[in-house]
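Visitor: Have a look at this one.
The values are calculated or read from the model by the stated rules, or taken from the named source; none is laboratory data. Owing to the predicted nature of the structure, the values given are computational and were not obtained by experimental measurement. Glycine gets a Cβ as well: all are built from the backbone with ideal geometry, and neighbour counts include every protein chain shown. Heads up: the accessible areas ignore ligands, DNA and RNA and are worked out on the full protein's heavy atoms, side chains in. Shrake-Rupley method; radii C 1.70, N 1.55, O 1.52, S 1.80 Å.
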Amino acid sequence: MEDLVMPLLLILLVGVGGWVLGVVGFFQARRALAEARLLRLQLAAGPAPMPDAQPAFVTTPAPPVELEVPPAPQPSTPPAPPEPVGKSWDIEALLTLRWGVWLGSAALLLAGVFLVRYAVDEGLLGPATRCGLAALLGAALIGGADWLKRRDKPEPAGWTTDQAPPALAAGGVAMLFGAAYAAGILYELVPPVVAFALMAAASLAGLAVSLRHGRLVAAVGIAGAFATPALVQTSDPSLPGLFVYLLFVTAAALAVVRYTAWVWLGWATTVAGAFWVMLATLSGSGADAWAPSLFVPAAAALNLALLPPAALDHAVGRRLAWIPFAVLAASGLLVGIVEPGWAPRAGVLLLSPLAVWKGATEPRLDRLPWLSALLFLLVLLTWALPAWQPTGEAITVEGVVQAVLPGPWAPEVLLPLLQTAALMAAFYAAAGLWFERRAAHPLRWSALTAAVPVLTLAVTYAQVALFQPRPAWAAVAVALAAGLTGAARLSLNAGSLGRQRAGVHAAGVVGCLALGCAMLLADQWLTLAVALFLPPLAWIEERADLPALRLVALAVAAFVLVRLLLNWYVPFYDFGATPGLNGLLPAYGVPALAFAWAARRLRRRADDLSVVVLEAGATAFTTALVVLEIRHWAGSGHLVGSEMPLPGASFLEAALQVSALASLATAAMWLNQRAPRPVRAWAWRIQGGAALLGGTALLIGNPAFTGEPVGATPLLNALLPAYLLPALLAASAIRHPATMRPPALRPVLGGYAVLAAFAWITLEVRHLFHPAAIGLDAAPIEDAELWAWSGAWLAFGAGLMAGGIRAGSKALRLAAIAVVGLTAAKVFMVDMAGLVGLWRVLSFLGLGLTLIGLGAVYRRFVQPPQPAQEA
């Protein structure tokens, strides 16, 4: 029973694979049959001009398709209705022509297995006889499939095609593979090496037979070919021999792909090869790690060499070029991580000349060198460096270093990394300079020269210096910038595209200088230096007509935005102690100007995402500058406190922040009216919303309740920016056309303006009587103060009524009535009981005169005149 486990598993695999491929073929055939029926209808309707057929990338000609054209109807006979096209399959034919044939083939295979099992159970056959009969049965099945194939008439491919030949051929290949496996592994009739050769021969024979009998046979063959090494166990395994065999199988499979255009076979071959590379690496390749490492570029070269040029006319053909390249390279990177050494790294680095060769000879694959450059940078990033110490001898006096005698320019452990980086960067730079004058797309090669050396320097600097300031590295960046400047100068003399190529190299110069600044500067000065490269990039983009530089500017802008707005270390930077004239001004003001200038320059040619981001960045930096300057002044030169990371703001600071945000929102609103921009429209809404939230918080937590000091000077104190200035700005915003959308915005602004002005009047009256502390619990309310509140409220209500009458605003007049009504309620409920003597008389006198006067004014200016009555 145990002897038959593996053959049964193989038979099960073949049956399941056949079923899956049958289902896939069924759905593909539905579309083909629908197209054929539509073609019949077009031929029946009359001749029509046929468009030129697109050439397929399959090198073998397809069998001719015979279409029966129905005879034209007689004049006396009405034409027959056309055959419906909606239904493109027949379940009866499907069950008999496809699934029934597959089931019959599986039944024949099982019959053979059961016959062998019966012979084994009865002791009729020995191991050698069983293996021989299995091989004969496999050969007979393949022969029978070939005989049936010759007898069949040529017909178009589809689900109605006779499936018996491929079914028998697949079963025959499976039987041959099973016979070889049983002879070598189960019964040990032949040595393991011979068994390996027999199974490999059966698998490769399956690939060859698939050229005649179809995909299922190829699936069985490729599965057996890549599974053979796992099924054979030897006492002295050879990793180089294994990958030589896998390379041979890969070549055979890719040759079949070239001949048949079976894309799935190419994917399966690539995945299986990469799987063996990773399996050999994780199993511990040791001294033979060079074998899987060299298999990676060899397999990639085979894939690119055997891919027909016509395949690149299709998207799937181009994917067959770069996806296997990337998958194999990823497995090679894993080898370099698990088994560090020259051989694994060389396996991935050898992909670079391969990609450059293919990109230079095939313009449709000229992006492949960029993929290899990315892999090279990943090799540098994953390069494991041992612990090392700087060179040189330190001279110390009593434990204090006085001087350092220079030593070698770099420790020996760093030389492999530095030499590899320099060699590969020079290779890409030279390749780019060479092919930018000869290739079909020169700018892509120019970008290779401008980008790869700069990125190589950045990655190597990060690996060795760990982002610490190093003047020597900055000198290398300057030298690289000088080289790219020379390349830009030479490109200016190269015809019509010379200016664009020079612009690409100039962008590389900008990148080098920015990287040099990063190697010298730190904190806000680094961000400032990088932001200053945006105007040159915008200028180069315009002068050299290089739209790709807009993406570079976008990346630089994103770096600066993250560094200044999302960097939690910014509050701990040393900006100096002088209010206003401190480090915040260059740290945020200069980037704001650089962003605004670059956005204006880029907008001359296109209004795209880069322009929007730059404009938004300029607005954000301006807002941050104002907010942080207030925080810096309130914190006595510090953005954070020493005891808590975010100290609570004082009432005066909160008032200044609200007024500043409201002022910025108002400025953005009026500026957007003169020069409409989407960023400005969103800016004033965001800034105004923040100011409105802050102002509401100040109304709720006002100093009368919290006891916060507001200053001793009458009128010119913290109450002015906290309430009066935001109220005036909100009132002015109501008149702006932009506040009409959404409709609820104007009532909200108007309500806040009235409440903030009312709060300022109330608290200012309280401050006039108690300048030291205006909290209600700090001092009792005096009679004069209580009367002053009534008088001030009445004056405020009268002013609102006058403004509402002049502006014709009913909402403002209703607000005035509400204030006067509140005052009347206070007089009758508070003043009547709280005031005595002359103060009470004055309170009621003022209320009465005000109410009568408001009535007269309302009747005179608001109420429409009544028509005169007839006598």
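Visitor: Can you go through Ala544, Ala538 and tell me which one is at pLDDT 85 or above, crowded, with 20+ Cβ neighbours inside 10 Å, on the phi < 0 side of the Ramachandran plot and of a type outside the set (S, T, N, Q)?
Guide: Values: Ala544 fails: at pLDDT 85 or above.
It is Ala538.
Visitor: Here's something else I'd like to know. So, in the range 300-355, exactly how many residues are of a type in the set (Phe, Trp, Tyr) and within 19 Å of Leu265 (Cβ to Cβ)? Step through it out loud before you land on a result.
Guide: First, pick out the residues of the range 300-355 that are of a type in the set (Phe, Trp, Tyr): 322, 325, 342.
Among the residues that remain, those that are also within 19 Å of Leu265 (Cβ to Cβ) are: 322, 325.
Qualifying residue count for the region: 2.
Visitor: Within the range 286-324, count every residue that is of a type in the set (Gly, Ala, Ser), under 24 Å from Pro353 (Cβ atoms) and either in contact with a strand residue (DSSP E or B) (Cβ under 9 Å, 6 or more places away or on another chain) or in contact (Cβ under 8 Å) with a residue 40 or more places away in the chain (or both).
Guide: Residues meeting the conditions: 10.
Visitor: Name the single residue, out of those in the range 463-478 being aliphatic (A, V, I, L, M) and surrounded by fewer than 13 Cβ atoms within 10 Å (Cβ to Cβ), that is modelled with the highest pLDDT. Break it down stepwise before answering.
Guide: Applying the first criterion (aliphatic (A, V, I, L, M)) to the range 463-478 yields 464-466, 472, 474-478.
In the following step, the residues that additionally are surrounded by fewer than 13 Cβ atoms within 10 Å (Cβ to Cβ) were identified as 466, 472.
Working: Leu466: 79, Ala472: 86.
Residue satisfying both the conditions and the ranking: Ala472.
Visitor: Specify the residue that is modelled with the lowest pLDDT; the eligible residues are those in the range 714-748 that are in a loop (DSSP other than H, G, I, E, B) and open to solvent by 50 Å² or more (accessible area, probe 1.4 Å).
Guide: The initial filter retains those residues of the range 714-748 that are in a loop (DSSP other than H, G, I, E, B), namely 714-718, 735-736, 741-744.
With open to solvent by 50 Å² or more (accessible area, probe 1.4 Å) added as a condition, the list becomes 714-716, 735, 741-744.
Details: Pro714: 84, Leu715: 86, Leu716: 86, Arg735: 79, Arg741: 69, Pro742: 76, Pro743: 77, Ala744: 79.
By that ranking, first place goes to Arg741.
Visitor: Continuing with the same structure: Surrounded by fewer than 21 Cβ atoms within 10 Å (Cβ to Cβ) and charged (D, E, K, R), is that true of Arg489? Before the answer, list the steps.
Guide: On the way: surrounded by fewer than 21 Cβ atoms within 10 Å (Cβ to Cβ): yes; charged (D, E, K, R): yes.
It is true that Arg489 is surrounded by fewer than 21 Cβ atoms within 10 Å (Cβ to Cβ) and charged (D, E, K, R).
Visitor: Filter the range 414-467 down to the residues that are in contact with a helix residue (DSSP H, G or I) (Cβ under 9 Å, 6 or more places away or on another chain) and outside any helix (DSSP H, G or I) and list them by number.
Guide: Once the filter is applied, which keeps residues that are in contact with a helix residue (DSSP H, G or I) (Cβ under 9 Å, 6 or more places away or on another chain) and outside any helix (DSSP H, G or I), the range 414-467 yields Glu436, Arg437, Arg438, Ala439, Ala440, His441, Phe467.
Visitor: Answer yes or no as to whether Val263 is surrounded by 17 or more Cβ atoms within 10 Å (Cβ to Cβ) and of a type outside the set (Gly, Ala, Ser).
Guide: Details: surrounded by 17 or more Cβ atoms within 10 Å (Cβ to Cβ): no; of a type outside the set (Gly, Ala, Ser): yes.
No; evaluated as a whole, the condition is false for this residue.
Visitor: Looking only at the range 344-366, which residues are under 17 Å from Ala291 (Cβ atoms) and either of a type outside the set (A, V, I, L, M) or open to solvent by 10 Å² or more (accessible area, probe 1.4 Å) (or both)?
Guide: Restricting attention to the range 344-366, the residues satisfying the condition of being under 17 Å from Ala291 (Cβ atoms) are 344-351.
The answer is Pro344, Arg345, Ala346, Gly347, Leu349, Leu350.
Yes or no, residue by residue, for (1) at pLDDT below 90; (2) farther than 25 Å from Val590 by Cβ:
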{"residue": "Val626", "(1), (2)": "no, no"}
{"residue": "Ala634", "(1), (2)": "yes, no"}
{"residue": "Val640", "(1), (2)": "yes, no"}
{"residue": "Pro647", "(1), (2)": "yes, yes"}
{"residue": "Gln687", "(1), (2)": "no, no"}
{"residue": "Ala690", "(1), (2)": "no, no"}
{"residue": "Gly694", "(1), (2)": "no, yes"}
{"residue": "Ile700", "(1), (2)": "no, yes"}
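Visitor: Same structure again: When you go through Ala208, Ala201, Ala218 one by one, which is the residue that is open to solvent by less than 50 Å² (accessible area, probe 1.4 Å), part of a helix (DSSP H, G or I) and not charged (D, E, K, R)?
Guide: That would be Ala218, the only listed residue that is open to solvent by less than 50 Å² (accessible area, probe 1.4 Å), part of a helix (DSSP H, G or I) and not charged (D, E, K, R).
Visitor: Report those helices (runs of 4 or more DSSP H) wholly inside the range 291-385 carrying at least 2 residues which are hydroxyl-bearing (Ser, Thr, Tyr). Quick ask: steps written out before the conclusion?
Guide: Values: elements: 315-338, 342-349, 351-361, 368-381.
Ranges flagged: 351-361.
Visitor: Among the residues of the range 599-625, which ones are out of contact with any Phe, Trp or Tyr (no Cβ under 6 Å at 6 or more places or on another chain), of a type outside the set (Val, Ile, Thr) and in a helix (DSSP H, G or I)? Step through it out loud before you land on a result.
Guide: Taking the range 599-625 and keeping what is out of contact with any Phe, Trp or Tyr (no Cβ under 6 Å at 6 or more places or on another chain), we get 599-613, 615-616, 619-620, 622-623.
Of the ones still in play, those that are also of a type outside the set (Val, Ile, Thr) are 599-610, 615-616, 620.
Of everything in the range 599-625, those that are out of contact with any Phe, Trp or Tyr (no Cβ under 6 Å at 6 or more places or on another chain), of a type outside the set (Val, Ile, Thr) and in a helix (DSSP H, G or I) turn out to be Ala599, Arg600, Arg601, Leu602, Leu609, Ser610, Glu615, Ala616, Ala620.
Visitor: Given the options Ala691, Ala654, Ala704, Ala683, name the one that is surrounded by 20 or more Cβ atoms within 10 Å (Cβ to Cβ), within 19 Å of Ala759 (Cβ to Cβ) and touching a residue at least 60 places away in the same chain (Cβ under 8 Å).
Guide: Numbers: Ala691 fails: touching a residue at least 60 places away in the same chain (Cβ under 8 Å); Ala704 fails: surrounded by 20 or more Cβ atoms within 10 Å (Cβ to Cβ); Ala683 fails: within 19 Å of Ala759 (Cβ to Cβ).
Criteria check complete, one pass: Ala654.
Visitor: What pairs come up if the first residue lies in the range 255-271 and is at pLDDT 80 or above, the second is not in a helix (DSSP H, G or I) and not polar (S, T, N, Q), and their beta carbons are under 6 Å apart, counting only those six or more places apart or on different chains?
Guide: Arg258/Pro308
Visitor: Right, another one. Scanning for something at positive phi and out of contact with any helix residue (DSSP H, G or I) (no Cβ under 8 Å at 6 or more places or on another chain), does the range 731-739 turn up at least one residue? Lay out the reasoning, then the answer.
Guide: First pass over the range 731-739, keeping only residues at positive phi: none.
Within the range 731-739, not a single residue is at positive phi and out of contact with any helix residue (DSSP H, G or I) (no Cβ under 8 Å at 6 or more places or on another chain).
Visitor: For the range 772-831, which residues satisfy the criterion of being of a type outside the set (A, V, I, L, M, F, W, C), open to solvent by 40 Å² or more (accessible area, probe 1.4 Å), within 19 Å of Phe705 (Cα to Cα) and at pLDDT 80 or above?
Guide: Asp777, Pro780
Visitor: Taking the range 769-826 only, how many residues are charged (D, E, K, R), assigned to a loop (DSSP other than H, G, I, E, B) and without any contact (Cβ under 8 Å) to a residue 40 or more places away in the chain?
Guide: Going through the range 769-826 one residue at a time, the tally reaches 1.
Visitor: Report yes if some residue within the range 760-769 is out of contact with any Pro (no Cβ under 8 Å at 6 or more places or on another chain) and exposed (fewer than 14 other Cβ atoms within 10 Å of the Cβ); otherwise report no.
Guide: The answer is no, given that none of the residues of the range 760-769 is out of contact with any Pro (no Cβ under 8 Å at 6 or more places or on another chain) and exposed (fewer than 14 other Cβ atoms within 10 Å of the Cβ).
Visitor: Continuing with the same structure: Does at least one position in the range 569-583 carry a residue that is open to solvent by 10 Å² or more (accessible area, probe 1.4 Å), within 30 Å of Ser446 (Cβ to Cβ) and either part of a helix (DSSP H, G or I) or in contact (Cβ under 8 Å) with a residue 60 or more places away in the chain (or both)?
Guide: no
Visitor: Would you be able to say whether some residue in the range 419-427 is in contact (Cβ under 8 Å) with a residue 24 or more places away in the chain and over 17 Å from Pro353 (Cα atoms)?
Guide: Checked against the condition, which is being in contact (Cβ under 8 Å) with a residue 24 or more places away in the chain and over 17 Å from Pro353 (Cα atoms), the range 419-427 yields no hits at all.
Visitor: Looking only at the range 288-335, which residues are of a type in the set (Val, Ile, Thr) and out of contact with any Leu (no Cβ under 8 Å at 6 or more places or on another chain)? Break it down into steps so the answer makes sense when it comes.
Guide: Applying the first criterion (of a type in the set (Val, Ile, Thr)) to the range 288-335 yields 296, 316, 323, 327, 335.
Matches in the range 288-335: Val316, Ile323, Val327, Val335.
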